[in-house]
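Visitor: Got a structure here, written out as structure tokens. Questions coming.
The values are calculated or read from the model by the stated rules, or taken from the named source; none is laboratory data. For clarity, every value in this text was computed on a predicted model and none was experimentally measured. Ideal geometry is used to build each Cβ from the backbone, glycine not excepted, and the neighbour counts take in all protein chains shown. These area figures cover heavy atoms from the full protein model, side chains too; ligands, DNA and RNA do not enter into them. Shrake-Rupley method; radii C 1.70, N 1.55, O 1.52, S 1.80 Å.
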Amino acid sequence: VQLQASGGGLVTAGGSLRPSCTTSGRTFSIYAMGWFRQAPGNERELVAVLSWKNSDSTYYTDSVEGRFTISRDNAESTVYLQMNSLKPEDTAVYYCAASEGRIGARESDYDFWGQGTLVTVSS
């Protein structure tokens with residue numbers, strides 16, 4: 001499975017961005033897709049997770065609940081992270097990841113990773 005993340009950028013606080021993650025290769029083996037983020041000096045953390053077979057099954061970390069939405073475009077095999085009401089503390093490199101076996105919150109639960117896309121939110 002190959003993942004290609006894009007769609008980051010610079011936005012002012014309160015604005016929106018929608019990073020995307022294009023999947024290719026053995027996508028039939030994907031069980032879940034997640035978005036993680038890593039801010040400077042911080043560990044990588046889970047932001048949102050989506051079940052590949054049932055895209056209505058999602059999970060969000062508390063800090064983004066109600067502001068971010070993870071979704072999947074079946075036709076394009078692309079996963080999106082709609083980010084609204086962005087805050088400076090959302091500034092990070094955002095990574096998409098694919099799991100073949102579980103819906104998990106740890107980096108080790110994911111088997112494949114995209115290259116990351118930088119999101120910068122100015123105050």
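Visitor: If you take the residues in segment 42-101 that are of a type in the set (Lys, Arg) and not in a strand (DSSP E or B), which one is surrounded by the most Cβ atoms within 10 Å (Cβ to Cβ)?
Guide: Restricting to residues being of a type in the set (Lys, Arg) and not in a strand (DSSP E or B), the top hit is Arg44.
Visitor: Continuing with the same structure: List pairs: first in segment 78-102 and of a type in the set (Asp, Glu), second surrounded by 19 or more Cβ atoms within 10 Å (Cβ to Cβ) and outside any helix (DSSP H, G or I), Cβ under 6 Å, 6+ apart or cross-chain?
Guide: Close Cβ pairs satisfying both conditions: Asp90/Val121.
Visitor: Still on this structure: Does segment 112-123 hold any residues that are loosely packed, with under 15 Cβ neighbours inside 10 Å and not hydroxyl-bearing (Ser, Thr, Tyr), and which are they?
Guide: Of everything in segment 112-123, those that are loosely packed, with under 15 Cβ neighbours inside 10 Å and not hydroxyl-bearing (Ser, Thr, Tyr) turn out to be Gln115, Leu118.
Visitor: Moving on to the next point. Scan segment 24-32 and tell me whether some residue there is within 17 Å of Leu86 (Cβ to Cβ), out of contact with any His (no Cβ under 9 Å at 6 or more places or on another chain) and assigned to a loop (DSSP other than H, G, I, E, B). Give the derivation first.
Guide: Step one: filter segment 24-32 for residues within 17 Å of Leu86 (Cβ to Cβ), giving none.
No; the residues of segment 24-32 include none that is within 17 Å of Leu86 (Cβ to Cβ), out of contact with any His (no Cβ under 9 Å at 6 or more places or on another chain) and assigned to a loop (DSSP other than H, G, I, E, B).
Visitor: Let me ask something else about it. How about segment 1-37: which of its residues are farther than 16 Å from Phe68 by Cβ, open to solvent by less than 70 Å² (accessible area, probe 1.4 Å), in contact with a strand residue (DSSP E or B) (Cβ under 7 Å, 6 or more places away or on another chain) and in contact (Cβ under 8 Å) with a residue 60 or more places away in the chain?
Guide: Applying the first criterion (farther than 16 Å from Phe68 by Cβ) to segment 1-37 yields 1-4, 6, 10, 12, 22-32.
Still in the running and open to solvent by less than 70 Å² (accessible area, probe 1.4 Å): 1, 3, 6, 22-25, 27, 29-30, 32.
Then drop every residue that is not in contact with a strand residue (DSSP E or B) (Cβ under 7 Å, 6 or more places away or on another chain), which leaves 1, 3, 6, 22-25, 30, 32.
If the condition is that a residue be farther than 16 Å from Phe68 by Cβ, open to solvent by less than 70 Å² (accessible area, probe 1.4 Å), in contact with a strand residue (DSSP E or B) (Cβ under 7 Å, 6 or more places away or on another chain) and in contact (Cβ under 8 Å) with a residue 60 or more places away in the chain, then Val1, Leu3, Ser6, Thr23, Ile30, Ala32 are the ones that fit.
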